[in-house]
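What follows is calculated from the coordinates using simple rules that are stated; it is not laboratory data. None of these values were measured; they are calculated from a predicted model. Here the Cβ positions follow ideal geometry from the backbone for every residue, glycine too, while neighbour counts run over all protein chains shown.
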């Protein structure tokens, strides 16, 4: 039996007099009426559903088995005691929107929703409750969001994330009822980090193009068909993908491909708005992804960028406004709706820009004053940079969001310094963002995820119903760690229940064999210890590996102890002596990786100034962290004994 923070419900079922308190789930339940007793989920529990509800019930059954190892039989008829019944009834909570649902827990569990998406969200609630105890408290839940768009944006332009990684983010979002995922498909680094030379400045466009062969970045891109399928699969999990092609700024990838498109006045990361070829290029690019009966961009919204273009003179401002209006209408000509960054205060002028059915992300009030944008008639997403921008290891905005301040003070009705009425009809929701501004700074995809997770949990509450966060922050922050990332997902590398202490020990680990099925990497904060005797090994010999990283006996360049992940290789100033047994320990946090030999610290690889920037005014950080790989011990010349993995817990 799973034990957790719901031990009070077990006591209630015995005493029989206590009204069950509200269960802890994320986002917090809108309405709860507790009764007495509890419902035990076991292998004898049956699931009953028919029609469209059966698809959702089947997903719940599969996810339950993934999480808890127990298969719950799915039937079309036969509701009785110890069953979970799923029903779609459009009139059940019709005044609360399509995402609303109702769960009544008694001798049976009856789940009712207006639509399949409401029913799906109800299954996320049940799974989170079941994570904490298999005794579900009896009572009635009515749950529904205040804001229809609850989102996250990932800058995949400056840092490549695999499609599997994006799929994992979708699973995380889905588990916490976050339903809008914007993928920023193109961007570039800052030229001051590349000797002031646009030609050498990093840039990338991440989507395969047949119209412009070679446009997609060589260090990683998404195939058109797989990206289309990714969007379709995300919809099944309640998540809508919004693809973003950012223009006319942030476009160095396009001008690297076709230099004549670059602005000689404002820089090669700006398209020349006065060059007709700019429009021909973008028209053809968008057309490739939007035309036909099965377009690459599947969903309703396509994001056209339009942020941070120069406003030095009125002529370019008017042309920027023309460009914005042109691409809103061009997107709409394919039956889609346009989303864009707010820039029309920054680019204030006379050229009209279409308003109706356009979604504007308000990120900085100096670029788009939300009061003015609402008066003009735009629908808004609240994305205030001073609250919701993560820029890993950059030294500005946030490395990790201030989740305490957000939990206590922010809702989507807060845009910069402006506070609007809750559930304002033109504020459709909110979105937080990860911007990977400092290309080449060593940050890993797992490090980015480590920043996403606490923000996702916190903002899921604030975007569902920002005024309903009833727990003190300290209690919320403690309890949220008892919840997993999603069924079958553990990118954070946490042991079961996040329990501190020894995770596992193996006296004689086998080379060339899978080491650990469920914990393929150990996340922060950890200690991995083993005794090793190495023979002569060629450079690049791997000791530990996972899908994300490798740990070397001899790194590829200098033959030292080291590791690689995300295209970066790091090494400690230590070489194993052939035939000599040593005790080795590696400790990892989100700021450093330490190597100990025979209990003596050899070296700390910390976050430091990037060596490439030492002699210039602007400097990047260089991140030298590691989620330790534990999927396999590879074959090497030597032996390893007494492997011990310890989880030291969040700090």
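Calculate for the chain the 222 nm mean residue ellipticity that helices alone would give, adding -39,500 (n - 2.57) per DSSP H run of length 4 or more and normalising by residue count, nearest 500 deg cm²/dmol.
Roughly -7500 deg cm²/dmol at 222 nm, from the helical runs in the chain.
Determine, from the Cβ-Cβ distance of residue 371 and residue 508 and an R0 of 56 Å, the FRET efficiency 1/(1 + (r/R0)^6), rounded to the nearest 0.05. Don't jump to the answer; show the numbers that get you there.
Details: r = 68 Å, r/R0 = 1.22.
With a Förster radius of 56 Å, E is 0.25.
Determine how many Å³ per residue the convex hull of the Cα atoms of the range 586-629 encloses.
On the way: hull volume 3.5 nm³, N = 44.
So the per-residue Cα hull volume is 79 Å³.
Report the percentage of all Cα-Cα pairs in the chain whose separation exceeds 33 Å, rounded to a whole percent.
Tail of P(r) above 33 Å: 52 percent of Cα pairs.
Would you please put 143-150, 100-107 in order of how densely packed they are, using the mean number of other Cβ atoms within 10 angstrom per residue and starting with the highest?
The peptides rank, most packed first, as 143-150, 100-107.
Take 288, 650 and order them by how many other Cβ atoms sit within 10 Å, fewest up front.
650, 288
Give me the tail of P(r) for the range 149-482 as a percent: Cα-Cα pairs with distance above 25 Å.
Everything past 25 Å amounts to 50 percent.
Could you work out the equivalent-ellipsoid semi-axes for the range 496-647, taking the square root of 5 times each eigenvalue of the Cα gyration tensor, largest first, in whole Å?
Over the Cα atoms of the range 496-647, the semi-axes work out to 25, 19, 14 Å.
Based only on other Cβ atoms within 10 Å, what is the fewest-to-most ordering of 421, 505?
Working: 421 8, 505 12.
The fewest-first ordering by Cβ neighbours comes to 421, 505.
How large is the Kirkwood hydrodynamic radius of the range 94-236, counting all unique pairs of alpha carbons, in Å? Can you show the working numbers first?
On the way: mean 1/r = 0.0549 Å⁻¹.
Here the Kirkwood hydrodynamic radius works out to 18.2 Å.
For the range 222-306, would you read off the P(r) tail past 17 Å as a percentage of all alpha carbon pairs?
Details: 1874 of 3570 pairs.
Cα-Cα pairs in the range 222-306 separated by more than 17 Å: 52 percent.
Ranked by Cβ crowding within 10 angstrom, fewest neighbours first, how are 180, 591, 201 ordered?
591, 201, 180
Divide, for the range 486-560, the radius of gyration over alpha carbons by 2.2 N^0.38 Å, where N is the residue count.
Numbers: Rg = 14.2 Å, N = 75, 2.2 N^0.38 = 11.3 Å.
Working it through for the range 486-560, the quotient is 1.25.
Normalising by the residue count of the range 544-651, find the relative contact order in percent from Cα pairs under 8 Å and 6+ residues apart.
Working: 169 pairs, mean separation 25.3, N = 108.
After rounding, I find 23 percent.
State, to one decimal in nm², a quarter of the convex hull surface area for the C-alpha atoms of the range 7-143, i.e. the direction-averaged projected area.
Computing the convex hull of the Cα atoms and averaging its projections yields 7.5 nm².
Quick one: if the Förster radius is 45 Å, what FRET efficiency do residue 265 and residue 33 give, using the C-beta to C-beta distance and rounding to 0.05?
In this case the efficiency is close to 0.10.
Would you mind putting 164-175, 26-37 in packing order, based on average other-beta-carbon counts within 10 Å, highest first?
Those peptides, ordered most packed to least, come out 164-175, 26-37.
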